[in-house]
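The values are calculated or read from the model by the stated rules, or taken from the named source; none is laboratory data. What you see is a predicted model; the values in this text were computed from it and never measured. FYI the Cβ positions are ideal-geometry reconstructions off the backbone, even for glycines, and counts take in every protein chain you see. Heads up: the accessible areas ignore ligands, DNA and RNA and are worked out on the full protein's heavy atoms, side chains in. Shrake-Rupley method; radii C 1.70, N 1.55, O 1.52, S 1.80 Å.
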Amino acid sequence: MVNEGDLVPDVKLISVDGKEISPADFRSQKLVLYFYPKDDTSGCTAEAQAFSALADAFQDANAWVLGISKDDSKKHAKFIDKYDLKVQLATDADGSVCEAFGTWIEKSMYGRKYMGIDRATFLIDRDGKVQRVWRKVKVPGHAEEVLEAARALP
């Protein structure tokens, strides 16, 4: 599990265009990794839209925003197009990135237990060090809080 003060793990993701990407690709810039359960669901859509609404402000703060779920690249592309999202999305097809960050957890709904992605966000500095971690994220106001934290980093 990744915690504040840890170096970001050397993990690989798949971008919407099918290319391999890694947090290391964003070194020298701040990076916001937000993990979310599923494209095109109400909470995940609201979160993606909130980060998208602030995309220019994140760019002004020299921070990249990258949303991560297990959905495939085609589903991500449809999600981006449907809601005109301004943030990048990436696929963790085998769940290894979620495992590394501690976001693959047991959940419960209506008494049924299942494994799923915990909504969590990680703010990584220019040197690849995790500066802030938000777990069990509640969407309203979250993107704004992350932006303020990103602005506060040198």
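At a glance:
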| quantity | calculated |
| --- | --- |
| Antiparallel DSSP beta bridges within the range 1-92, percent to nearest 5 | 30 percent |
| Helical contribution to [θ] at 222 nm, DSSP H n ≥ 4, -39,500 (n - 2.57), averaged over the chain, rounded to 500 | -8500 deg cm²/dmol |
| Potential extension, Y110-K38 segment - 0.36 nm per residue separation minus Cα distance | 24.1 nm |
| Protein accessible area in the chain, 1.4 Å probe - carbon and sulfur % | 50 percent |
| For the chain, share of DSSP beta bridges that run antiparallel, in % to the nearest 5 | 65 percent |
| Distance between modelled label sites at S28 and K82, nm, 7 Å Cα→Cβ extension | 3.7 nm |
| Heavy-atom surface of the chain, accessible at 1.4 Å and reported per residue (Å²) | 51 Å² |
| Rough spin-label spacing in nm, given labels placed 7 Å along Cα→Cβ, for A53 and A152 | 2.2 nm |
| Highest average packing first - 128-134, 95-101, 81-87, 105-111, Cβ atoms within 10 Å | 95-101, 128-134, 81-87, 105-111 |
